[in-house]
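Following: one structure in structure tokens, then a few remarks.
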Amino acid sequence: MRHRNDLTKTESRRLCLSLLHVAIAVGIVIGAVWISASGRADIAEQWWVHQYFSPIYSGNTVLDVFKNTFFSSALFLAFALLFGFFAVGQPLEIILLTCRGVGIGASVALMYITSGAESFPSVLVLVLPKALVLSFIAALSVREALKLSGLLFAFLFRDEFPDEKTGRTIKLYFIKFFVLMVMVLLVSVMDSLMNYFFMDLYQLN
């Protein structure tokens, strides 16, 4: 029976993660349609739109690329961690995740507007791998935030008093986000190196 319960929990976590990736996919579509419909490449000047997913707008040096990638991803994790302490923060967490997808969709659309089909190698090598890894990290962070928000919601609105494990849960919450931040740091390093070695795939305008 215990094995069956563990399996159910695992399946539930996988289902939750899959649904969170759907939120990212919705954001990607929104971002791509928004930029394509507007036809305005000047939106690229607003970093919160493309979120530095595009190599064209990530920076002119290796240090710039590292700084920008890490900054945008660390800021996302900071908001996700904070929203986890809101009992009714679930909508904010989903919106935050969707906005992450908007950055991916907007970046790809901006690259196609700027360079057309010639941007395909850049998207394939420099955008897609980073987007996949950072999307997974984002989904993991929001899943943890949703769990903590649910715990606080039950405490405030359902009279479900926290047990002795609550302190351990919050401690693990911070540890998990620390691990995710380390992962973001590694991704940022790899992104800067990839941009350095494959800088010939794109041209800065």
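The values are calculated or read from the model by the stated rules, or taken from the named source; none is laboratory data. The model shown is predicted, which means the values in this text are computed figures rather than measured ones. Cβ atoms come from the backbone with ideal geometry, glycine included; neighbour counts cover every protein chain shown. Remember, those area values only see protein heavy atoms, side chains included, never the ligands or the DNA or RNA. Shrake-Rupley method; radii C 1.70, N 1.55, O 1.52, S 1.80 Å.
Per residue of the chain, the DSSP helices (runs of n ≥ 4 H) give a summed -39500 (n - 2.57) that works out to -26000 deg cm²/dmol at 222 nm. In terms of accessible area, using a 1.4 Å probe and ignoring ligands and nucleic acids, Tyr112, Tyr196 rank largest first as Tyr196, Tyr112.
Couplings 3J(HN,Hα) for region 129-140, derived from phi with the Karplus relation 6.51 cos²θ - 1.76 cosθ + 1.60 (θ = phi - 60°), are x, 5, 5, 5, 5, 5, 5, 5, 4, 4, 5, 4 Hz, where x marks Gly and Pro.
Quickly rank 25-37, 133-145 as a protection proxy: mean count of other C-beta atoms within 10 Å, highest first.
Working: 25-37: 17.8, 133-145: 22.5.
Sorting 25-37, 133-145 by mean packing, highest first, produces 133-145, 25-37.
Over the chain, what is the mean sequence separation of C-alpha contacts under 8 Å (at least six apart), divided by residue count, expressed as relative contact order in percent? Once divided by the residue count of the chain, the mean separation gives 33 percent. Take 49-56, 188-195, 165-172, 177-184 and order them by the average number of nearby Cβ atoms within 10 Å per residue, most first; the result is 49-56, 188-195, 177-184, 165-172. How large is log10 I(q)/I(0) at q = 0.11, 0.14 Å⁻¹ when the Debye formula is applied to the Cα atoms of the chain, each weighted equally and without solvent? Those come out to -0.56, -0.83, one per q.
If you sort Met199, Met111 by accessible surface, 1.4 Å probe, largest first, the order is Met199, Met111.
Roughly how many percent of the accessible protein surface of the chain is carbon and sulfur, given a 1.4 Å probe and a whole-percent answer?
Details: 8110 of 11710 Å².
Carbon with sulfur: 69 percent of the solvent-accessible area.
Computed with every protein chain present, the accessible area of Cys99 is close to 70 Å² [probe 1.4 Å].
In the context of the full set of protein chains, residues of the chain present 57 Å² of accessible surface per residue (probe radius 1.4 Å, heavy atoms only).
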